[in-house]
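The values are calculated or read from the model by the stated rules, or taken from the named source; none is laboratory data. Remember, predicted model here, so these are calculated numbers, not experimental data. Methodologically, a virtual Cβ is constructed for each residue, glycine included, from the backbone with ideal geometry; neighbour enumeration extends over all protein chains shown. Ligands, DNA and RNA are excluded from the accessible area calculation, which covers all protein heavy atoms including side chains. Shrake-Rupley method; radii C 1.70, N 1.55, O 1.52, S 1.80 Å.
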Amino acid sequence: MSAALARLATPTGPGGSRPVIGYVGADVPVELLTAAGAHPVRLTGSPGEPSTAGDRYLGTGLDPVARSVLTRLLDGAYGCLDGLVVGRDCEASSRLFYAVRELKRIDPAAPLPPVQLVDVLHLPHRTTTRYVHAKLTELRATLETWAGRPITGDDLAEAIEEHNRLRGLLRRIGALRGRRPAPLTGTDALSVVAATTRLLVRDACALVEQLLAGKLSEVDGLRVFLTGSGHDEPGVYAALEEAGLVIVGEDHDWGDLLSRRDVEAPTMLALAERYQHNGPSAPRASIRQRAEHTAEAARTRGAEALISYARVHDDAPPWDFPAQRALCGLPSVQLVRQPYGGLTEEALAAVAGLRGPVGAVR
């Protein structure tokens, strides 16, 4: 492992005098957080820890990631956050926002930061653009209050330029994964992307540039494209790659989807358009959009098989799988109701048979 990759795999936490703002979901325009002078940190769950507090307030029938994030917020696992921005990218995120807001209302002394919801819609209409623009303008005003200073046009332009640069670097990482043999594992690629969501954008760019400039180890195995639920930690990737697979691409927003689209101009309108048209994610896009995107991405990366992984209580991905399998035309396996951060023994057995007929485990 290169030094840059090692640093990206274990990034240090926020430090210095900047306010730290946590955020949940890829619909949150991180450029605005950077423009406000904050240190943005995308919050992750922790599948190895009990989510007792989150289960109490959200119930056990919700996506375990949201329950874990709420538990960690209440336990202070993220340190001192000066604010929290939650995207309405799925039902679990929405319920997380309302729980945090209500807990903060009934107990102002609770160890919870002020929270703001950002509602980004993804319909392909100009009226949708105007709606998203209005919501981002509201978020901008909230961030200015939290930061104690205005966000100037120059602040916004600089932040957009820096985050576009980071997205371009991550796309270069993605392109490398299409080589034969792949120059890094899917687990490493996922760790790189996750690290960039916890670092200041300039630091993230510097480390990714060092990674690209260095020598990477070649890895081989059955080349797999992963679709379905998002992965905010590497447990599933590691388990699949320990089984002899190499994950060369994915279509969730902790991976390739995060860097797919840039902001085309240094304006609030262009920022709104970027987040409106970003995707296609499983909870928000049509089955056809998902299938066409997955098939094209799998072809581009030279995938030899398709795996659809759906976490327990994540109901969107299974609807996409039949169309994805048909358009990809690859040996495929569907893994549903899987534990957060892991795979059942039944799922691992199905994965082991990928070189044979198409299979499914439910």
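Data table
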quantity: Pick from the stretch 105-142, criterion part of a helix (DSSP H, G or I), over 22 Å from the mean Cα position of the chain (by Cα) and of a type in the set (A, V, I, L, M, F, W, C), ranking: modelled with the lowest pLDDT; calculated: I106
quantity: Residue selected from the stretch 225-256 under the condition of a type in the set (A, V, I, L, M) and touching a Lys or Arg at 6+ places or on another chain (Cβ under 6 Å), by the criterion surrounded by the most Cβ atoms within 10 Å (Cβ to Cβ); calculated: V248
quantity: All positions within the stretch 177-222 that are surrounded by 22 or more Cβ atoms within 10 Å (Cβ to Cβ) and of a type in the set (K, R); calculated: R177
quantity: Residue in the stretch 102-118 that is aliphatic (A, V, I, L, M), surrounded by 14 or more Cβ atoms within 10 Å (Cβ to Cβ) and in contact with a Pro (Cβ under 8 Å, 6 or more places away or on another chain) present; calculated: yes
quantity: Residues within the stretch 63-104 that are small (G, A, S), closer than 20 Å to A38 by Cα and under 21 Å from the mean Cα position of the chain (by Cα), tallied; calculated: 4
quantity: Within the stretch 254-358, helices (runs of 4 or more DSSP H) holding 1 or more residues that are farther than 30 Å from A134 by Cα; calculated: 287-300, 317-328, 345-352
quantity: Some residue of the stretch 257-269 being under 30 Å from G353 (Cα atoms), out of contact with any Lys or Arg (no Cβ under 7 Å at 6 or more places or on another chain) and open to solvent by less than 20 Å² (accessible area, probe 1.4 Å); calculated: yes
quantity: Selected residue (only one of L74, L81, L58 is under 20 Å from V41 (Cα atoms), aliphatic (A, V, I, L, M) and either open to solvent by less than 20 Å² (accessible area, probe 1.4 Å) or in contact with a strand residue (DSSP E or B) (Cβ under 6 Å, 6 or more places away or on another chain) (or both)); calculated: L81
quantity: Tabulated pairs, the stretch 311-328, first within 17 Å of R299 (Cβ to Cβ) and touching a residue at least 12 places away in the same chain (Cβ under 8 Å), second part of a loop (DSSP other than H, G, I, E, B) and open to solvent by 80 Å² or more (accessible area, probe 1.4 Å), C-beta under 6 angstrom, 6+ apart or interchain; calculated: none
quantity: Test set (1) more than 22 Å from T185 (Cα to Cα); (2) open to solvent by 60 Å² or more (accessible area, probe 1.4 Å) - R299 fails condition number; calculated: (1)
quantity: Residue under evaluation G249, criteria (1) assigned to a strand (DSSP E or B); (2) over 23 Å from A92 (Cα atoms); (3) free of Cβ contacts under 8 Å to residues at least 40 places away in the same chain, criterion not met; calculated: (3)
